[in-house]
1. At a 10 Å Cβ-Cβ cut-off, how would you order ILE169, ILE208, fewest neighbours first?
2. Could you put GLU147, GLU100, GLU20, GLU334 in order, starting from the residue whose Cβ has the fewest other Cβ atoms within 10 Å?
3. Assuming R0 = 35 Å, what is the FRET efficiency of GLU231 and THR367, from their Cβ-Cβ distance, to the nearest 0.05?
4. Neighbouring Cβ atoms within 10 Å as the yardstick, rank SER321, SER328, SER150 fewest first.
5. How long is the gain from PHE153 to SER328 if the chain were fully straight, where each residue apart is worth 0.36 nm and the alpha carbon distance is subtracted?
6. Distance cut-off 29 Å, Cα to Cα: go down the list LYS53/LYS84; LYS37/LYS84; LYS37/LYS221; LYS63/LYS251 and report the pairs above it.
7. Fully extended, how many nm does the chain gain between THR318 and GLN50 (0.36 nm per residue separation, minus their Cα-Cα distance)?
8. Give me the dipole magnitude in Debye, nearest 20, for the range 304-421 about the Cα centre, with unit charges on the beta carbon: positive for Lys and Arg, negative for Asp and Glu.
Amino acid sequence: MSRCPIIIALDWDAFYCSVEEHFNPELKKIAFAVQQKQIICTCNYVARAQGVKKLQRLVDAVKQFPGLVIVNGEDLSRYRDASKELWYFARDMVWGGKVERLGFDELFLDVTDMIDFNMALLDNLHVAGYSRNLHSVPSFFFRMSQEDPSVGFSCQLESVAGNLATGSIPEDFEGDNLRLVLGSHLCQYIRSQILGIKGYTSSGGVSINKTLAKTAGATHKPNQQTVLFPEFAQDFLDKFDIGKIPWIGHKSKSVILDAIYKNHDPDRARDATVFNVRHLANKQLFINSLGQSSGEKLWDLLHGVDPTGVQPTPDIPTQISIEDSFRSLTSLIEVRTVLRRLSNSLLDRMHIDLMDSNGDWLGHPQTARLSTRSRSTGYYGSRSSRSDSLPSIVFSSSHSRDYILDYLVDRCWMPLFSKVIGDMKAFDIVLLNVAVVNIEKPPSKSSDITSFFGKKHHVNNDIKDGHIEEPIAKRGKLAGEYAGLGEPGFEFPLQEDEDVIYEECSYGESCVVCGQRIMSFALEAHMRFHELAE
Ligand code: TTP
Ligand code: MG
């Protein structure tokens, strides 16, 4: 008999605030918000209780809540480090390390194997004479280790740990339902370990796929968890606006509603619930308006079907990219200035994500890729990219940062930029993205590093003329140097139109209105936020 996966979704509560509180516990008692550029990217729950909202404009929040404390959150290194630490910590508890990271503050845990192992123990109890009626199983010891029977926790299986997304505990308290009950206790345990040892609260969702677990987890916050049994999934989803279903963005929603209502029906907004959309549309309409793959996928999501499994996030990112967007860049001087600034952040990120604490490289990107977006294609339009070998000077510890930056910009990014614009006489750029990709494991220390680079990279002789300064700062030092760089970032998967399988470290995009960094897939929703505010 095939069994459903058991998936736990975790989302750290008021994440940037929690990190700030971690370093300054005094903040826990007061209402405060984290500022990035002109916006409050998040606020703690004390502030939320007073009415402060995430993504409020700073000027409005300060006016409305004069006592609100503002913490500058443009230095992302602490959030990034905390995010990584929590990810590793959670991953250590999950068999096979089946944990996927989404951005800084969300994790998906596939705990199916752990549940099945413990289900087998329950079955043994049954064989030993316990009734399957769980009231007669006083306390169950959930094993967290296959080898060591003493590692685990006790739980009462007659009840679900946490909230129910909807409905009651199913009558049929066996099979997958019982596996979800076990999952709820496991989720509770994992969250309590994270809180007890790392000091971070989280909101959890438990269900049979990522979308259901994530949607359920968002219903009771903070520091709570919610279980969604499959038989109630449709009822649960039906009440949501389709835009609230994970992975359905503003643009897709709008395309679907246009297709359903054809013209601008005034009832349109009211009728955007999953229930209405399911009844007014059909799969073919979705496919016709969104294309075969997206149409099918989104239609399935509205029915609680999400076959995308948990993809464990690799330790080393497959690529690192930094980008920024602009109202208009029309001169080479402007482009060069921006590319130099982005390169500085890119080097910082490479040091943080690809270097261990001894200063040894864990991964060597092989390729440099420059992407741009022109005003003519619009803020959501397609990008043009060009790639070349990444100059090996970026790994140098004997050249100054300034020297490396100038080298990189003049020998790599600017030539790539000329290729992108081709023979265009004038250009108007709204987005620049610099990325290092094809990250390979470096050769072992005993092998010759020059032979590794020899195949692709040539460090020109004139590099030797660069004045030798102290080595580029290592990870620890860099973290401290982040302050004031003014390159706020965000890490989320890139849009589908980019040829990226998975990217841990994309920085998302800057909103052209407020400058706030937003993950690409959320940008449309964020723009809508501005539209509504205006
Ligand atoms: P969220 O999980 O959306 O928010 P949160 O963790 O602060 O609050 P909640 O308790 O509701 O989960 O985002 C995680 C962090 O990402 C958040 O702390 C700040 C940052 N962020 C941005 O920088 N820009 C954004 O537009 C959003 C939504 C979040
Ligand atoms: Mg959160």
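1. On the way: ILE169 15, ILE208 24.
Ordered by Cβ neighbours within 10 Å, fewest first: ILE169, ILE208.
2. Details: GLU147 6, GLU100 21, GLU20 25, GLU334 14.
Fewest-to-most Cβ neighbours within 10 Å comes out as GLU147, GLU334, GLU100, GLU20.
3. Details: r = 49 Å, r/R0 = 1.39.
So, using R0 = 35 Å, E works out to roughly 0.10.
4. Values: SER321 25, SER328 11, SER150 8.
Ranked by crowding around the Cβ, least crowded first: SER150, SER328, SER321.
5. On the way: separation 175, 0.36 × 175 = 63.00 nm, distance 5.77 nm.
Result for the pair: 57.2 nm of gain on full extension.
6. Details: LYS53/LYS84 26 Å; LYS37/LYS84 24 Å; LYS37/LYS221 27 Å; LYS63/LYS251 33 Å.
Long pairs (Cα-Cα over 29 Å): LYS63/LYS251.
7. 92.3 nm
8. Details: 13 positive and 13 negative charges, 141 e Å.
The dipole of the range 304-421 has a size of about 680 debye.
Throughout, read-outs are computed from the coordinates displayed, never taken from laboratory work. None of these values were measured; they are calculated from a predicted model. All Cβ positions, glycine included, derive from the backbone under ideal geometry; neighbour counts span all protein chains shown.
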